[in-house]
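Enquirer: For reference, the structure I am asking about is given below.
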Amino acid sequence: MPVARPPRPTRSIRSGDRQQWWVLNAADQTLGRLAARVASLLRGKENVLFTPHADAGDFVVIVNAERVRLTGRKREQKTYYRHTGYVGHLKSRTADQVLSGAHPERVIEEAVRGMLPKTTLGRKLYRKLKVYSGPNHPHAAQQPQELTLG
């Protein structure tokens, strides 16, 4: 009769075990599709050892954020709101104003932030996102790999 071995324990990744750096070019990429893929990479869902309660994701660097594409009339109609903290001081800007302003990377940052968990883990994952409006980034020392969206 064969000897029964004890069952193997379920493998679970620890935070920060395996982290890669990826570079995505946002030029002519649809905002929502790009943000969904980036959120998945940050969360670590494409990792075999995905663990929902741990940071199993990778670092993501996005370049050319100013050239991201918005479909339909979203460029004129999509509105971003912020509040100054004073009564009645709700400020609004359209996506076109944000993209042509001083910080066009905020459009991608807001889209990705909305797809991450609203917890301390989500805030930790969000810090692993680096977005730049132009084609250059200062993360060459981390040897990021180029990732293309299909």
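Enquirer: Name every residue in segment 106-150 that is in contact with a strand residue (DSSP E or B) (Cβ under 9 Å, 6 or more places away or on another chain) and of a type in the set (Phe, Trp, Tyr), in order of residue number.
Expert: Once the filter is applied, which keeps residues that are in contact with a strand residue (DSSP E or B) (Cβ under 9 Å, 6 or more places away or on another chain) and of a type in the set (Phe, Trp, Tyr), segment 106-150 yields only 132.
Enquirer: Which residues, taken from segment 130-139, are surrounded by 10 or more Cβ atoms within 10 Å (Cβ to Cβ) and farther than 20 Å from residue 28 by Cα?
Expert: Within segment 130-139, 139 is the sole residue that qualifies.
Enquirer: Also, I was wondering about something else. Among the residues of segment 90-119, what is the count of those that are more than 21 Å from residue 57 (Cβ to Cβ), charged (D, E, K, R) and in contact with a Ser or Thr (Cβ under 9 Å, 6 or more places away or on another chain)?
Expert: Summing the residues that are more than 21 Å from residue 57 (Cβ to Cβ), charged (D, E, K, R) and in contact with a Ser or Thr (Cβ under 9 Å, 6 or more places away or on another chain) in segment 90-119 gives 2.
Enquirer: Go through segment 25-54 and give me each residue that's crowded, with 20+ Cβ neighbours inside 10 Å and in a loop (DSSP other than H, G, I, E, B).
Expert: Across segment 25-54, the qualifying residues are 26, 29, 44.
Enquirer: Within 16 Å of the chain's Cα centre (by Cα), within 15 Å of residue 27 (Cβ to Cβ) and not charged (D, E, K, R) - does that describe any residue in segment 120-129? Lay out the reasoning, then the answer.
Expert: At the first step, the residues of segment 120-129 found to be within 16 Å of the chain's Cα centre (by Cα) are 120-129.
Filter again for within 15 Å of residue 27 (Cβ to Cβ), leaving none.
The answer is no; no qualifying residue exists.
Enquirer: Search segment 74-94 for residues that are touching a residue at least 24 places away in the same chain (Cβ under 8 Å) and more than 17 Å from residue 113 (Cβ to Cβ) and pair each with any residue that is surrounded by 12 or more Cβ atoms within 10 Å (Cβ to Cβ) and of a type in the set (Asp, Glu) when their beta-carbon atoms are under 8 Å apart and the residues are at least 6 apart or on different chains.
Expert: 75/96
Enquirer: Could I ask something else about it? On the basis of being loosely packed, with under 12 Cβ neighbours inside 10 Å, under 24 Å from residue 97 (Cα atoms) and polar (S, T, N, Q), does residue 71 make the cut?
Expert: Working: loosely packed, with under 12 Cβ neighbours inside 10 Å: yes; under 24 Å from residue 97 (Cα atoms): yes; polar (S, T, N, Q): yes.
Yes.
Enquirer: Got at least one residue in segment 83-93 being crowded, with 17+ Cβ neighbours inside 10 Å, at pLDDT 95 or above and touching a strand residue (DSSP E or B) at 6+ places or on another chain (Cβ under 8 Å)? Lay out the reasoning, then the answer.
Expert: The initial filter retains those residues of segment 83-93 that are crowded, with 17+ Cβ neighbours inside 10 Å, namely none.
Taking every residue of segment 83-93 in turn, none turns out to be crowded, with 17+ Cβ neighbours inside 10 Å, at pLDDT 95 or above and touching a strand residue (DSSP E or B) at 6+ places or on another chain (Cβ under 8 Å).
The values are calculated or read from the model by the stated rules, or taken from the named source; none is laboratory data. Keep in mind that this is a model prediction, so the values were computed, not measured. Note that each Cβ is placed from the backbone with ideal geometry, even for glycine, and that neighbours are counted across all protein chains shown.
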